[in-house]
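Take a look at the structure set out below.
Values quoted throughout were computed directly from the atomic coordinates according to the rules given, and no laboratory measurement underlies them. Note that the coordinates shown come from a computational prediction; the quantities given were computed from them, not determined experimentally. Note that each Cβ is placed from the backbone with ideal geometry, even for glycine, and that neighbours are counted across all protein chains shown.
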Amino acid sequence: MRTIKLLAVCSWLVGAISTVFGTSYYFTKFGTPIVADDRIIFAGPGWESHRVICISKLGGKKLWEISDSTNTLHPAFAFNQQVVVTASSRIEQLNPKDGSRKTLFETGYSRPSLRPFTADILYCSGESSGSLKLKQINARTWTPKWEIAGIERIIAEGEKTLLCEWQIRKPLGKGTFQITAAGYAGIVASSGKESWRQTVPSATWLHGVAVKEWFVVSLGDEVLCMRQENGQILKRANSQAGKPGVSLANRDDHVVVWSCADRASFAGRVYKLSVPELDEFTLFSTDFFPLSHAIFGDVVVGRSGGRVDAYSLTDGKKLWRGGQWNWSGVFDGAIYFSEQEPDGKHTSVNRIDIKTGEREKLFEELLPDTTP
């Protein structure tokens, strides 16, 4: 059994989930920067931000700021020259030119999380009446199509099936709950019906990717390849990572795995698995292993609470190393991120070139309740 505290979780788990709003429990910083044309838009510092700030993409000059004393504001992504934000339980449209807002949809969820949409389909997850919910919304008409309970998030989108994380939670009071069961579920994208589910051991990282008609998932000390439509397991591959599992990312028609080198060290190894055979091909070794990683062209970037490293997939050379920030804001070959400055009194928005590691600070602000 696992007891998870909403505002006090262990650091490795925070590193995995803090990207929901692009901020952090253990380092106060701005929300994930969203690039909209020549502007960068982000939430003010902290988890419950009531501010949105806009700066110039070139030079970082502050262009405008808005605040809302009654709603928490979190920019989610840019689309069609507008920025989609959540305002407490609502989905809103924000004009990047002046910060004006327009309500699009009432989710009914606390802490709604949005997945950037394609083909006019938006997925929104959150909590309602103490239950986890996932909702599909038509982003052209802003009407709901279906809703399913018990789903925490979407992990990957297949051809016709969503790979999701399901959870059963037992409320304990005072903002805490116990996860009594969890695992993977296949949800039919057109109807929201659950077609299959797979239970995972406790304290297991849930990673999965879609490759053609297959899902490849991490399950403890194994990696599984399964059919998207029915969850049928076609192949299993052993992993040296042990119970927590490994991090997965897809590249072309195969999967790139980044795991620990063995169970007794912090060293890592990067290798690829063919799909659906799961034949292993070693790529290179690293001096750490991440909670999660992503691939940008020929560069693989891994993150593990407090550390971010980038390696070349071509020759295994380490390209650069960063610190306590997320990299969910990726635009034009660069990662836009926020971090708390070393003095502990300021937070900043920065840009780093994915290939070279060249870094530029764009904006900085004194944190609330601190003195220079």
Above-threshold pairs, the threshold being 22 Å between Cα atoms, out of 133/160; 102/193; 97/135; 135/193; 29/61; 133/170: 102/193; 97/135
Vicinal HN-Hα couplings computed from phi for the stretch 186-197 (Karplus, 6.51 cos²θ - 1.76 cosθ + 1.60; Hz; Gly/Pro x): x, 10, 5, 5, 7, 10, x, 7, 7, 9, 6, 8
Full-stretch length increase - residue 321, residue 168 - with 0.36 nm per residue and alpha-carbon distance subtracted: 51.4 nm
The stretch 107-199, relative contact order in percent, only Cα pairs under 8 angstrom and at least six apart counted: 16 percent
For the stretch 33-139, size of Cβ-based charge dipole, Lys and Arg +1, Asp and Glu -1, in debye: 120 debye
GNM flexibility winner over the chain from 144, 171, 45 (Cα, springs under 10 Å): 171
Label-to-label distance, nm, for residues given as residue 307 and residue 262 (7 Å Cα→Cβ offset): 1.8 nm
Fewest-first ranking of 214, 142, using other Cβ atoms within 10 Å as the exposure measure: 142, 214
Magnitude of the charge dipole, the chain, Cβ model with Lys/Arg +1 and Asp/Glu -1, debye to 20: 680 debye
Cα-projected label distance for residue 121 with residue 369, points at 7 Å along beta-carbon direction, nm: 4.3 nm
Selection from 154, 167, 121 lying farthest towards where the dipole of the stretch 107-199 points positive, charges on Cβ: 167
Set of aspartates and glutamates with alpha-carbon distance to residue 317 below 20 Å, sequence-local pairs under 8 removed: 287, 298, 309, 353, 358
Contact order relative to length of the chain, as percent, for alpha carbon pairs under 8 angstrom and 6 or more apart: 11 percent
Which of 112, 312, 282, positive extreme of dipole for the chain (C-beta unit charges): 112
Highest-first arrangement of 226-234, 51-59, where packing means the average Cβ count within 10 Å: 51-59, 226-234
271, 123 arranged by Cβ crowding within 10 Å, fewest neighbours leading: 271, 123
Sequence-distant residues sharing a close amide H with residue 251 (under 5 Å, placed H): 256
